[in-house]
Amino acid sequence: MTKAIYPCLWFDGKAKAAADYYCTVFPNSKIISSNPMAVIFELNGTKFMGLNGGPEFNFSEAVSFVVNCETQDEIDMYWSKLTDGGKEGKCGWLKDKYGVSWQIVPSILGKLMSDPEKAPKVMYAFMQMKKFDIEKLLQA
């Protein structure tokens with residue numbers, strides 16, 4: 001029987017601080033276990049491991065976590081919290097203060113992009129954005 005697969009995030013001594021921080025950002029989140037080497041935590045029901053692995057490796061945009069948002073208020077809230085101490089990117093991407101990449105995406109984007117007539121206009125609109133603006137996407 002296959003067990004659940006979950007990501008392990010490599011931190012330079014800040015795994016517990018990062019896990020505590022993420023638990024304040026996402027609802028229904030908690031620390032499951034913690035020791036000096038690793039912390040197991042859940043973010044809105046998804047399991048993660050934070051490892052205090054040292055300075056050898058850094059995060060990159062090659063791996064990011066997608067947060068689907070139903071409303072503009074959700075997008076605004078996650079964007080504000082995760083860019084605090086971090087860095088805004090383009091097209092809904094950002095890096096948080098620990099260097100982890102996130103995509104804060106409106107859940108309606110898939111539907112808009114599946115419309116062959118609307119998709120090019122929607123894509124052009126979001127290519128101009130940092131944080132997604134649902135109303136502007138709907139108007140595209």
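The values are calculated or read from the model by the stated rules, or taken from the named source; none is laboratory data. Quick caveat: nothing in here was measured; it's all calculated off a predicted structure. With ideal geometry, Cβ positions are generated from the backbone for all residues, glycine too; neighbour counts draw on all protein chains shown.
Things to note:
- If only residues of the stretch 101-140 that are of a type in the set (D, E) and modelled with pLDDT of 95 or more are counted, the one that is nearest to V63 (Cα to Cα) is D133.
- Residues located in the stretch 51-103, provided they are surrounded by 14 or more Cβ atoms within 10 Å (Cβ to Cβ), assigned to a loop (DSSP other than H, G, I, E, B) and either of a type in the set (S, T, Y) or in contact with a Lys or Arg (Cβ under 6 Å, 6 or more places away or on another chain) (or both): G86, Y98
- Residue match in the stretch 112-120 (condition: closer than 20 Å to L9 by Cβ, touching a Lys or Arg at 6+ places or on another chain (Cβ under 7 Å) and not charged (D, E, K, R)): no
- Here V25 fits the description: closer than 14 Å to Y98 by Cα and touching a Lys or Arg at 6+ places or on another chain (Cβ under 6 Å).
- Residue among G13, G45 that alone is farther than 17 Å from P106 by Cα, out of contact with any helix residue (DSSP H, G or I) (no Cβ under 6 Å at 6 or more places or on another chain) and modelled with pLDDT under 95: G45
- Evaluated against (1) out of contact with any strand residue (DSSP E or B) (no Cβ under 6 Å at 6 or more places or on another chain); (2) without any contact (Cβ under 8 Å) to a residue 12 or more places away in the chain; (3) not assigned by TED's automatic domain parsing to the domain that holds L137, T46 falls short on exactly one condition, (2).
- Pairs with Cβ under 9 Å, 6+ apart, first in the stretch 111-129 and under 19 Å from N68 (Cα atoms) and exposed (fewer than 13 other Cβ atoms within 10 Å of the Cβ), second at pLDDT 95 or above and basic (K, R): M127/K90
- Pairs meeting the criteria (first residue in the stretch 93-110 and among the small types (G, A, S), second residue part of a strand (DSSP E or B), beta carbons under 7 Å, at least 6 apart or on different chains) are S101/S64; S101/W93; S101/K95; S107/N68; S107/C69.
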